[in-house]
Amino acid sequence: NAGVAMGGSVECSSYADYEWILGINLWGVIYGTKAFLPYIKETKDGHIINISSVFGIFSQPTQSGYNMSKFSVRGFTESLRQELDILKSFESLFLTVPEKAAKKILASVVDDKRRILVGPDAYVLDIMQRGLPVSYQKLVTASFSLASR
């Protein structure tokens with residue numbers, strides 16, 4: 001994947017700056033992945049390797065565009081990995097209904113909270129991702145494979 005950096009505060013960065021960095025760092029990954037994915041699935045051989053960065057795990061000021069693009073690449077790639085491990089929908093396993101989520105989100109806005117987790121499933125998944133940042137994916141796909149039997 002091609003990758004570029006962009007420095008500057010959120011306030012000073014233009015919409016065009018964000019479109020530029022996402023166009024290269026994220027959309028390049030998406031286009032490349034979707035171009036090769038059918039061949040990999042057809043042959044059941046090969047690998048998709050998407051390059052993120054330490055800034056897809058850890059953010060820093062003045063790098064919002066770069067951080068955003070690399071967090072996005074990481075999320076996209078982790079999701080793809082799990083889709084390839086299990087090709088079945090898992091939305092039925094979500095525990096939080098939209099109405100309850102909306103109430104908690106709005107209350108958090110009023111309380112000026114910087115980050116929230118909505119629902120018990122979010123807390124479990126957050127702990128799992130923080131405690132097992134790489135191997136949690138195998139646990140997730142294994143649990144969904146068992147649930148689909």
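Do you know which of the residues in the range 1-25 that are surrounded by fewer than 12 Cβ atoms within 10 Å (Cβ to Cβ) and in contact with a helix residue (DSSP H, G or I) (Cβ under 8 Å, 6 or more places away or on another chain) is modelled with the lowest pLDDT?
Across the range 1-25, the extreme among qualifying residues is A2.
Quick one: is D112 in a loop (DSSP other than H, G, I, E, B), out of contact with any Phe, Trp or Tyr (no Cβ under 7 Å at 6 or more places or on another chain) and at positive phi? Give the steps one after another, and end with the answer.
Values: in a loop (DSSP other than H, G, I, E, B): yes; out of contact with any Phe, Trp or Tyr (no Cβ under 7 Å at 6 or more places or on another chain): yes; at positive phi: yes.
Against the criterion (in a loop (DSSP other than H, G, I, E, B), out of contact with any Phe, Trp or Tyr (no Cβ under 7 Å at 6 or more places or on another chain) and at positive phi), D112 qualifies.
Could you identify the single residue in E11, E19 that is acidic (D, E), assigned to a loop (DSSP other than H, G, I, E, B) and more than 26 Å from Q129 (Cβ to Cβ)?
On the way: E19 fails: assigned to a loop (DSSP other than H, G, I, E, B).
Of the residues listed, the single one that is acidic (D, E), assigned to a loop (DSSP other than H, G, I, E, B) and more than 26 Å from Q129 (Cβ to Cβ) is E11.
Could you please give the count of residues in the range 36-51 that are open to solvent by 50 Å² or more (accessible area, probe 1.4 Å) and either in a helix (DSSP H, G or I) or over 21 Å from P133 (Cβ atoms) (or both)?
Adding up the residues that qualify gives 8.
What number of residues within the range 52-80 satisfy the criterion of being under 11 Å from the mean Cα position of the chain (by Cα) and in a helix (DSSP H, G or I)?
14
The values are calculated or read from the model by the stated rules, or taken from the named source; none is laboratory data. All figures in this text were calculated on a predicted structure; none of them were measured in a lab. Cβ atoms come from the backbone with ideal geometry, glycine included; neighbour counts cover every protein chain shown. Note: areas computed on protein heavy atoms with side chains; ligands, DNA, RNA excluded. Shrake-Rupley method; radii C 1.70, N 1.55, O 1.52, S 1.80 Å.
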